[in-house]
Amino acid sequence: MRSDFGDVPLTSIFPRLSPADATRMRQAADSVDAADWDWFPEHAVFPGPRSGTAVVLGRDVIVHADGSDRMEFSLHVVWTDGGRLAVDAAVNVACWCDTEHATHDVDAFRRVVGEGTSLPDAFCSGAERLKRRLADPRDADYWRARAGLPQRWVR
């Protein structure tokens, strides 16, 4: 489902979340952008280990440049293979390697819940990271250079 963050039923998706913690998460989401959050009620309960990551809640900001290049800024609450929630934030750029493998995470962040970190703390840290990255250059070539990846070439 997709909605503004204010419409996401946080305490239904995360039943152990207190109203105060839900408010903290809403404030953090508002500081980034409260629009267009995806949430998956069918993933509210750990779906078990599987190929791919089970996203519970997420926001992706996709930036297109020059018609052939793109980058993505993301913030997701996911299940780890071990059945713990984690918050992932990343900058992702289109791949321009000789052997194309679609994309590269060039600035990845992960906080696992339960390792001295609560879900609201992890989410607030991820939201702050996303907010800072959105203020950085929205230029995929900048991020590729920062990560030491091949620069864009014309196909």
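Take segment 104-152, compute every pairwise Cα distance, and split them into 5 Å bins from 0; I just need the percent in each bin.
4, 19, 22, 18, 14, 11, 8, 2, 0
Can you give me the span-like helices of the chain, meaning DSSP H runs with 18 Å or more of Cα extent along the axis and Kyte-Doolittle mean at or above 1.0?
What comes out of the filter, once short or polar helices are dropped, is none.
What whole number of Å gives the distance from the Cα centroid of segment 3-53 to the Cα centroid of segment 68-121?
16 Å
With +1 on the Cβ of every Lys and Arg and -1 on the Cβ of every Asp and Glu, and nothing else charged, how large is the dipole of the chain about its Cα centre, in debye rounded to the nearest 20?
280 debye
Return the Rg/Rh value of segment 5-68, two decimal places, where both radii are evaluated on C-alpha atoms and Rh is the Kirkwood radius.
1.06
What does the net charge come to around residue 39 if you take all other residues with beta carbon closer than 12 Å to its beta carbon, with K and R at +1 and D and E at -1?
It works out to a net charge of -3.
Could you please rank 13, 62, placing first whichever residue has the fewest other Cβ atoms within 10 Å of its Cβ?
Lowest count first: 62, 13.
Apply the Karplus curve 6.51 cos²θ - 1.76 cosθ + 1.60, θ = phi - 60°, to the phi angles in segment 69-85 and return the couplings in whole Hz, x for Gly and Pro.
Karplus values, whole Hz, x for Gly and Pro: 10, 7, 9, 9, 10, 9, 9, 9, 9, 10, 8, 7, 4, x, x, 10, 6.
Relative contact order, percent, of segment 2-147 when contacts are C-alpha pairs under 8 Å separated by at least 6 residues?
20 percent
Can you sort 43, 76 from fewest to most other Cβ atoms within 10 Å of each residue's own Cβ?
So the residues, fewest neighbours to most, are 43, 76.
Along each principal axis of its Cα atoms, how long is the chain end to end? Whole angstroms, biggest number first, please.
50, 32, 29
Each reported figure results from applying straightforward, stated rules to the coordinates on display, with no laboratory input. Please read these numbers as outputs of a predicted model, since none were measured by experiment. Cβ atoms come from the backbone with ideal geometry, glycine included; neighbour counts cover every protein chain shown.
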